[in-house]
1. In whole percent, how big is the carbon plus sulfur part of the accessible area of the chain, probe 1.4 Å, protein atoms only?
2. If you stretched the chain out fully between E160 and K177, how much longer would it get, using 0.36 nm times the residue separation minus the C-alpha to C-alpha distance?
3. What is the packing order of peptides 243-256, 29-42, taking the mean over residues of other C-beta atoms within 10 Å and listing the highest first?
4. So with the 1.4 Å probe, I'd like the accessible area per residue for the chain, rounded to whole Å².
5. Helix-only mean residue ellipticity at 222 nm, the chain, DSSP H runs n ≥ 4 weighted -39,500 (n - 2.57), per residue, nearest 500. What is it?
6. If I model a spin label at S257 and V282 as a point 7 Å from the Cα along the Cα→Cβ vector, what separation in nanometres do I get?
7. Hey, which of these cross-link pairs are over 27 Å Cα-Cα: K161/K225; K152/K189; K92/K148; K91/K177; K125/K152?
8. Packing-wise, with mean Cβ within 10 Å as the measure, how do 221-228, 136-143 rank, highest first?
Amino acid sequence: SKLVNTYTRALPGYLDENDMRLHTNFQLTATSTGRFSSQDPNLQNIPIRSTEGAKIRAAFAATPGNVIIAADYSQIELRILAHIADIEQMKKAIIDGKDIHAATAYELFGEDIDPHDNEIRRRAKAINFGIIYGISPFGLAKRLSISKDEAKDYIERYFEKFPGIQHYMDETIKHCKTSGFVTTLYGRKCHIPDINTSNYNMRNFAERAAINAPLQGTASDIMRKAMVMLPSIAKKYLILQIHDEFLFEVPESEAESLAIEIRKAMESVCQLDVPLSVDVSVKSHY
């Protein structure tokens, strides 16, 4: 019902009569972290997880003679976390080119497990990204379909293995409670108005937002810088920005060389303690 009402019925109504394409509206100041927000229609949330969702996404196709280049920063917020919180194990895993979720699984679950096992890696991935958003034991338990006590044990073990993260969280919340805002690596302020409210639920949400905002905010700063640093020829083909990803519609004959140039530009935007990595794919549809 949601897919039908949000996409298959609604999107055709947004088609531009002149070119029969969809043109979104980007809000540049609608989010506290600086992420671009897509509205009327929202093209940053096209479904893919279900079979029906994948069919809807397949409708977003390149015109004849063209292909779509998708360039996506790989695990950018985890890389920023490793830099900001100065987590040596995480930095070493990234620099060595290891699968960061597999590396986390190895640290959390010990040497006697296969860190590349799909279920083990899925748990490590959920913990990695959950920690970024200040996930609670209850939230992690629900996400992994495990008990609250088991989830609590995972989180405690995570902080023991990566103590820099707990320090980062504590110091970030402390600073935010005093100043009312947190900052990105580039010094941009992200205001968190409810950080000192007496309402527990609102304050808890604000603390999680304070933990995440410097990470997601820095990622959005990097995306904006990347848009500026893209080669001129790539800029004219840019059709969509989806959080940590760019989409380009390019002539098929230019796709190979442009993909190389786009990756090179995006990976050279800034110098962190760990390298930025960009996944690039060329396909006929999104």
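1. 50
2. Length difference between fully extended and current span is 3.6 nm.
3. So the peptides 243-256, 29-42, ranked by packing, come out 243-256, 29-42.
4. On a per-residue basis, 53 Å².
5. Mean residue ellipticity at 222 nm (helix-derived): -15000 deg cm²/dmol.
6. A separation of 1.2 nm, rounded to one decimal place.
7. Over 27 Å Cα-Cα: K161/K225; K152/K189; K92/K148; K91/K177.
8. Final packing ranking: 221-228, 136-143.
The values are calculated or read from the model by the stated rules, or taken from the named source; none is laboratory data. Model, not experiment: these values are computed from the prediction. Neighbour counts run over all protein chains shown; Cβ positions are idealised from the backbone, glycine included. Please note that ligands, DNA and RNA were not included when accessible areas were found on the heavy atoms of the full protein model with its side chains. Shrake-Rupley method; radii C 1.70, N 1.55, O 1.52, S 1.80 Å.
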